Amino acid sequence: MKILVTGGAGFIGSNFVRMLAAERTTWKVVVLDKLTYAGRLENIEDLTVRPGFRFVMGDICDPAAVAGAMEGCDAVVNFAAETHVDRSIEEASSFVRTDVEGVRVLLEEFRKGDRLLFLQVSTDEVYGSVETGYSRETDSLCPRSPYSASKAGGELLAMSYHYTYGTPVIVTRASNNYGPFQYPEKLIPLFITNALDGLQLPLYGDGLNRRDWLFVEDHCKAILAVLEQSPGGSVYNIGGGFEKSNLEVTRAVLDSVGAGPELIRFIEDRPGHDRRYALDIGRITGETSWKPETDFRRGMEITVEWYRTHRKWWEGIKSGEFGEYYRRMYRDRLARSRGVPQE
Ligand code: NAD
Ligand code: TDX
């Protein structure tokens, strides 16, 4: 098997290629990544020297780069995307470009060859906010942020190639991932690294928005399971089964790091903030051998330990582009914030 993994220098993609290097030792792996602010070659540098592994720096919107990287590949897993909801609210064009047009460019190249499978990595955010119950793959989509709307566009386009051209496509919709190598703009790594430095933890709104948390290794195993076990033409939800409010997650971070609740600051909410996501994972657990294995407490222990022992990795990020982003996004809101009421 020769597989193209786009976005393989990002958070989930780098965990995925690391898993392939350990568990599918005969596979040839090509990583295509543009190395945006979120992509870091250092995440996979140790792997790039292995036989059968190739790194290509390039854009999924560039047909020539895509053609070169996809040459001889049997399967494609598309992780490459702009991924942060708050950034999509500031500026949506890079999201539409990469998360929709990039998918089209990949699909066009894919269908020129005789290949096995195109797996489009999507998100539970395409369902929109679900106040009660659990989203099923057959539910209608109601994306409400520029990020989730772009991801919905990308996955709908991918399925349209399946129906129109018979392209073997799978779409996976995962819940919120956490674990090693996650860029510290996202809730869990931001709060872990801030707490390790005694900095404030900016919780949006009342802190009671709810997410389902999935340890990144479980997500990677799920993708491998559908890649190897599903016939194609299907959509799969992938959830961890640990639904928590953001305040509960924050308290778990504080406990793991050994910091107190005085670091919590409630700040002005994210515009259009989806209240809750929750997934029914009956299809993937029924059709493949996969089920989530890592409980939230254990996943958090592993994650906090990783950030403790990889301070150089995140300090390098936080002192660069991220520092400017953080000031822009949080400084004024933190100045107007409130803490946890005295009990
Ligand atoms: P990330 O932001 O950490 O990494 C994205 C990677 O894509 C980076 O390496 C970046 O350089 C690369 N990239 C961006 N634009 C590119 C382009 N035009 N061409 C080539 N490479 C490009 O993202 P992540 O959290 O690892 O997410 C990976 C995928 O999983 C995304 O498709 C995302 O929508 C999806 N997803 C993420 C989560 C989550 O909780 N993080 C949950 C569900 C689904
Ligand atoms: O500073 C913060 N304060 C806060 O309260 C940040 C960064 C987030 N939040 C809240 C917003 C969300 O309710 O925490 C929750 C999680 O936020 P993010 O980490 O930004 O993730 P989310 O918006 O839920 O989207 C994530 O999961 C689905 C990923 O970023 C997406 O790529 C993925 O598709």
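Computed values, structure above
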quantity: Among (1) open to solvent by 30 Å² or more (accessible area, probe 1.4 Å); (2) farther than 12 Å from THR193 by Cβ; (3) modelled with pLDDT of 95 or more, the one test that TYR326 misses; calculated: (2)
quantity: Test: residue in the stretch 3-21 that is open to solvent by 30 Å² or more (accessible area, probe 1.4 Å) and under 20 Å from GLU109 (Cβ atoms); calculated: no
quantity: Residue in the stretch 178-192 that is at pLDDT 95 or above and either away from ligand 1 (no atom under 16 Å from the Cβ) or assigned to a strand (DSSP E or B) (or both) present; calculated: yes
quantity: Filter result for the condition that a residue is surrounded by fewer than 23 Cβ atoms within 10 Å (Cβ to Cβ), within 11 Å of ligand 2 (Cβ to nearest atom) and among the acidic types (Asp, Glu), over GLU185, GLU137; calculated: GLU185
quantity: Every pair of residues 6+ apart whose Cβ atoms lie under 8 Å, when the first sits in the stretch 211-231 and is among the charged types (D, E, K, R) while the second is more than 16 Å from ligand 2 (Cβ to nearest atom); calculated: GLU217/MET19; GLU217/THR294; ASP218/GLU293; ASP218/THR294; LYS221/MET19; LYS221/TRP290; LYS221/GLU293
quantity: Residue list for the stretch 64-99, filter: surrounded by fewer than 20 Cβ atoms within 10 Å (Cβ to Cβ), free of Cβ contacts under 8 Å to residues at least 60 places away in the same chain and under 19 Å from GLU155 (Cα atoms); calculated: ALA92, SER93, SER94, VAL96, ARG97
quantity: Residue satisfying condition, being β-branched (Val, Ile, Thr) and within 30 Å of ALA149 (Cβ to Cβ), within set ILE281, ILE264; calculated: ILE281
quantity: Residue list for the stretch 107-124, filter: open to solvent by 10 Å² or more (accessible area, probe 1.4 Å), part of a helix (DSSP H, G or I) and either farther than 13 Å from GLU71 by Cβ or of a type in the set (Val, Ile, Thr) (or both); calculated: GLU108
quantity: Flag if GLU287 is closer than 30 Å to LEU227 by Cβ and acidic (Asp, Glu); calculated: yes
quantity: Strands (runs of 3 or more DSSP E) within the stretch 1-87 that include 2 or more residues within 27 Å of GLY320 (Cα to Cα); calculated: 2-6, 28-33, 53-57
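The values are calculated or read from the model by the stated rules, or taken from the named source; none is laboratory data. Remember, predicted model here, so these are calculated numbers, not experimental data. Cβ coordinates were reconstructed from backbone atoms using ideal geometry, including for glycine residues, and neighbour counts include every protein chain displayed. What goes into the accessible areas is simple: the full protein's heavy atoms, side chains included, and nothing from ligands, DNA or RNA. Shrake-Rupley method; radii C 1.70, N 1.55, O 1.52, S 1.80 Å.
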